[in-house]
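Chemist: Structure below; questions to follow.
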Amino acid sequence: MRAVIAEDSVLLREGVTRVLDDAGVEVVGTCETAEELLRQVRGETPDIAIVDIRLPPTHSDEGMQAALEIRASHPDVGVLVLSQYVEVGLAMKLLADSAEGAGYLLKDRISDVKDFVAAVQRVASGGSAIDPIIVSTLLSKRRNDDVLAELTPREREVLELMAEGRSNQGMADKLVITIRSVEKYVSSIFDKLGLPSGGSDSRRVLAVLLYLRS
């Protein structure tokens, strides 16, 4: 697996590089501007680009704009956006067309090396990774919705993990239950939310997220 990293903080950039190196991910380029990131993506054809949402010179949304351009021009390259703060609007902008090969994590999540590496691998492989805090924020905005209120506490837990992009096995491991139990919860959630149970994991993540923001 090959990765490029765009992050203007030297310490964080080197830290992410070290984490990925230790996990067997080849970092083929690092930079601190959106312009250089786009050049590296064109030249190195990585499996994933890990991008700070705010890059020089203005530190507004240069990273996000570069991420969207990569999504449009290089659909085979996964994009994992890192942010210091919860910005639900920008997260949904990244996922507007598809959740496949896309991720949005808070920078604090990097300290959980195992989960961070798993997210990188998932996005690079065409899956998705959404920060749990963003998922919880979306869910909290829907608490008064009659349909969502029908979910049991366990189904809500499964929904949150599902929206993060976790597989059935990943949810089973997190909740310490069997895969069969997870499958039953997922089926029940789809029935209650009126969502189709077919399709890939990434499509169901997008469906749930789109439902939650509606």
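The values are calculated or read from the model by the stated rules, or taken from the named source; none is laboratory data. If you're wondering where the values come from, they're calculated on a predicted model, not measured in any experiment. Note that each Cβ is placed from the backbone with ideal geometry, even for glycine, and that neighbours are counted across all protein chains shown. SASA here: full protein model, heavy atoms, side chains in, ligands and nucleic acids out. Shrake-Rupley method; radii C 1.70, N 1.55, O 1.52, S 1.80 Å.
Chemist: Using every Cα-Cα pair within the stretch 77-192, state what percent have a distance larger than 25 Å.
Modeler: 22 percent
Chemist: Just to be sure I understand the model, the point goes 7 Å from the Cα along the line to the Cβ. What's the resulting Ala23 to Arg2 distance in nm?
Modeler: 1.9 nm
Chemist: Charges at C-beta only: +1 for Lys and Arg, -1 for Asp and Glu. How large is the resulting dipole of the chain about its Cα centre, in Debye rounded to 20?
Modeler: For the chain, the charge dipole is close to 700 debye.
Chemist: Now, a different point. Please name whichever of Leu161, Gln84, Val16 sits farthest to the positive end of the charge dipole of the chain, dipole taken about the Cα centre and charges placed at Cβ: Lys and Arg +1, Asp and Glu -1.
Modeler: Ranked along the dipole, the leading option is Leu161.
Chemist: Calculate, for the chain, the solvent-accessible area per residue in square angstrom, rolling a 1.4 angstrom probe over the heavy atoms of the protein chains.
Modeler: Result: 46 Å² of accessible area for each residue.
Chemist: In degrees, nearest 10, range 0 to 90: what is the angle between the Cα axis of helix 34-44 and the longest Cα principal axis of the chain?
Modeler: 90 degrees
Chemist: Select from Gly103, Ala3, Leu148 the residue farthest towards the positive end of the dipole of the chain; place +1 on Cβ of Lys and Arg, -1 on Cβ of Asp and Glu, and compute about the Cα centre.
Modeler: Selected residue: Leu148.
Chemist: For the stretch 57-105, treating each Cα as an identical point scatterer without solvent, what Debye log10 I(q)/I(0) comes out at q = 0.19, 0.23 1/Å?
Modeler: -0.57, -0.82
Chemist: How big is the convex hull of the Cα atoms of the stretch 1-46, per residue, in Å³?
Modeler: Cα convex hull per residue, to the nearest whole number: 43 Å³.
Chemist: Roll a 1.4 angstrom probe over the protein heavy atoms and tell me the percent of accessible area of the stretch 1-140 that is carbon or sulfur.
Modeler: Roughly 49 percent, rounded to a whole number.
Chemist: Once Lys and Arg get +1 and Asp and Glu get -1 on their Cβ, which of Ile53, Gly43, Ser188 lies farthest toward the positive end of the dipole of the chain?
Modeler: Result: Ser188.
Chemist: Note the angle between two axes, namely the Cα long axis of helix 10-22 and the longest principal axis of the Cα atoms of the chain, as a number of degrees from 0 to 90, rounded to the nearest 10.
Modeler: For helix 10-22, the angle is close to 70 degrees.
Chemist: Shifting gears a bit: Less than 18 Å from a label point 7 Å out along the Cα-to-Cβ axis of Lys114: which backbone N atoms in the stretch 170-196 qualify, by residue?
Modeler: The answer is 170-179, whose backbone nitrogens lie closer than 18 Å to the label point.
Chemist: Assuming 0.36 nm per residue, please report the length gained on full extension of the stretch Leu106 to Thr152 beyond their Cα-Cα distance.
Modeler: That works out to 13.8 nm of additional length.
Chemist: Also, quick follow-up: Can you pull out the chymotrypsin sites (Phe, Trp or Tyr not before Pro) in the stretch 83-125 that DSSP calls coil and that have at most 10 other Cβ atoms within 10 Å?
Modeler: For chymotrypsin sites (Phe, Trp or Tyr not before Pro) across the stretch 83-125 that sit outside H, G, I, E and B with at most 10 neighbouring Cβ atoms in 10 Å, the list reads Tyr85.
Chemist: Next up: Given H placed on each backbone N at 1.01 Å, which residues far from Gly165 in sequence or on other chains put an amide H within less than 5 Å of it?
Modeler: For Gly165, whose amide H was placed from the backbone, the distant partners under 5 Å are Ile130.
Chemist: Okay, next question. Please compute the length gained on full extension between Asp97 and Lys174, using 0.36 nm multiplied by the number of residues separating them and subtracting their Cα-Cα distance.
Modeler: Length difference between fully extended and current span is 24.9 nm.
Chemist: If you take every residue apart from Lys184 with its C-beta less than 14 Å away from the C-beta of Lys184, what net charge results, scoring Lys and Arg +1 and Asp and Glu -1?
Modeler: -1
Chemist: To continue, here is another question. For the chain, what is the mean residue ellipticity at 222 nm derived from helices alone (per DSSP H run of n ≥ 4: -39500 (n - 2.57); sum divided by total residues; nearest 500 deg cm²/dmol)?
Modeler: So the calculated ellipticity at 222 nm is -16000 deg cm²/dmol.
Chemist: Compute log10 of I(q)/I(0) for the chain with the Debye formula, placing one identical point scatterer on every Cα and leaving out solvent, at q = 0.09, 0.15, 0.18, 0.19 Å⁻¹, to two decimals.
Modeler: Ignoring solvent entirely, the Cα scatterers give -0.34, -0.91, -1.23, -1.34.
Chemist: For the chain, find the longest principal axis of its Cα atoms and tell me its angle to the long axis of helix 201-213, 0 to 90°, nearest 10.
Modeler: Rounded to the nearest ten degrees, it is 80.
Chemist: Now for a different question. Calculate one ³J(HN,Hα) per residue across the stretch 48-63 by plugging θ = phi - 60° into the Karplus curve 6.51 cos²θ - 1.76 cosθ + 1.60, and present them in order as whole Hz with x for glycine and proline.
Modeler: Residue by residue, the stretch 48-63 yields 8, 10, 9, 10, 6, 5, 10, 10, x, x, 9, 6, 9, 10, 4, x Hz.
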